[in-house]
Every structure is written in structure tokens, then in C-alpha cells.
Amino acid sequence: MNIVVLDGYTENPGDLSWASLEALGALMVYDRTPVDDTAEIIRRIGGAEIAVTNKTPITREVLESCPGLRCICVLATGYNVVDCAAARERDIPVCNVPAYGTAAVGQFAIAMLLEICHGVAHHSQTVHEGKWSACPDWCYWDTPQIELDGKIMGIIGFGRIGQQTGRIARAMGMDILAFDRHETASGREVAEYVPLDELLARSDVIALHCPLFPETEGII
């Protein structure tokens, strides 16, 4: 079995092993593949049975030119880089990794929110520049400070990552609204499900954790 990894560096910059894939067959790993060079993508896949991608697009043209493909693996949660309809026509399964970044992405979403609310990086820089030392008052701030306790976070897309973000926000005293096509029992434990228009009207903060599909592109 021939396996090709098209853009492995993002997921494995050198601290992980590809041994588990090497055990399955002949493995070729490319750190990066030009995402806008379809001819090169086709050349690199060649006669491989399994293509592993992160953000390198697997389009209908690529699939038509690589008839040996039997499986496509996406090293990410989102799989919009693959033409799933074209893959389905050829009975090629498309696999993703739905839970690998749940905690990290939720944490990072909150980190960005806190940066908006407090400007930590900006204040650190200005303190080092001496602005606090030169301030005539005991307290120093250079941007408005926003307290999140008691505010409402609206989360569009309430799967694993959205719920994780909601749990962290609740720990900071926020109330959570959620909009998702599929309501779940685990989601109801974290948030109140509401229609999108109501979420937009009531929320102080809005977080997007929805996949990029035609119906979500440009939603804000």
C-alpha cells in the first residue's frame, strides 16, 4: 500500500513519529504542498491508495487524475478541503479527526476574547516602555477594560469545540446562548439553544465554532 502525506509539518514538525503509518505500507511525507498547484498535488499523490492532507485541497480534478485513491484522511476537524461529493461518487471514504483540538481551540478562543477585553499584550508593551511608571495615578490602563462576568456569549456552532468554549466562559460567570442545527443533551447542560436572530440580538460576545459550509460562509 502506498501512502502520501501532503502537508505533514503542521501536524508533525518533528516531535512525532510516522511509524504507525510506515507500518501500513510505503510512506512518502511532504512537509508542505502548494495548495494552488493542482498539477503538483496530482503528481505527489500519483498512484497512492491513501492521501493524508491538512489544508491541501483534494478537488474533483485531483480525484479524476488519481484513480488509485482508496481513502482520504484529513489531519484536522474541518474537511471542506475535500470535494466530498466527488469522493462519494467514487466510494472513497473521507476521514477527519473530530476531537483532536477540542480543548486547545476552546482555550484559544477564550484567550483571544481576554485579549480583546484587557489588551494584555498591549499593556505589557506600554509598561515596558515606562508608561505605568510615568502615570500620575496608582492605577494604569491604556484601553478600556471589559469585565465578562454577567455578560452573554452567543456561540454559533455548538459541537465539541463550541461546548468547550461555553464551559470555560461559564466558569468566568458568563451566560451562554447557542445556535446549532442539531441540539444535544450535552449542549443543553452548557447553554440555552435559541434561533440565530435571537442569539445575535442578545449576545454581548459572539464566537463562531461552525464548519465552513456554503450555508455558514459569510454568516457574519
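Answer yes if at least one residue in the stretch 4-21 is assigned to a strand (DSSP E or B), surrounded by 13 or more Cβ atoms within 10 Å (Cβ to Cβ) and not small (G, A, S), and no otherwise.
Checked the stretch 4-21: at least one residue is assigned to a strand (DSSP E or B), surrounded by 13 or more Cβ atoms within 10 Å (Cβ to Cβ) and not small (G, A, S).
Return only the number of the condition from (1) closer than 30 Å to S203 by Cβ; (2) loosely packed, with under 13 Cβ neighbours inside 10 Å that G101 does not satisfy.
Against the list (1) closer than 30 Å to S203 by Cβ; (2) loosely packed, with under 13 Cβ neighbours inside 10 Å, G101 comes up short only on (2).
Looking at (1) within 25 Å of the chain's Cα centre (by Cα); (2) over 22 Å from F213 (Cα atoms); (3) surrounded by 14 or more Cβ atoms within 10 Å (Cβ to Cβ); (4) of a type in the set (S, T, Y), which is the one condition that is false for T77?
(2)
Select from the stretch 191-210 the residues that are touching a Phe, Trp or Tyr at 6+ places or on another chain (Cβ under 8 Å) and in a loop (DSSP other than H, G, I, E, B) and list them in ascending order.
If the condition is that a residue be touching a Phe, Trp or Tyr at 6+ places or on another chain (Cβ under 8 Å) and in a loop (DSSP other than H, G, I, E, B), then A191, V194, P195, H209 are the ones that fit.
Yes or no: P93 of a type outside the set (A, V, I, L, M), modelled with pLDDT under 95, loosely packed, with under 13 Cβ neighbours inside 10 Å and over 17 Å from V190 (Cβ atoms)?
No, not satisfied.
Looking at the stretch 57-78, can you tell me whether even one residue there is part of a loop (DSSP other than H, G, I, E, B), outside the structural domain of Y9 (by TED's automatic domain parsing) and out of contact with any strand residue (DSSP E or B) (no Cβ under 9 Å at 6 or more places or on another chain)?
no
In the stretch 35-69, what count of residues is obtained for those that are surrounded by 15 or more Cβ atoms within 10 Å (Cβ to Cβ), of a type in the set (D, E, K, R) and either touching a residue at least 12 places away in the same chain (Cβ under 8 Å) or at positive phi (or both)?
Total meeting the criteria: 4.
Within the group I168, I176, I156, which residue is closer than 30 Å to V82 by Cβ, surrounded by 13 or more Cβ atoms within 10 Å (Cβ to Cβ) and at pLDDT 95 or above?
One residue alone meets the criteria, I156.
The values are calculated or read from the model by the stated rules, or taken from the named source; none is laboratory data. What you are looking at is a predicted structure, and each value in this text was computed from that prediction instead of being measured. Note: ideal-geometry Cβ built from the backbone for every residue, glycine included; neighbour counts use all protein chains shown.
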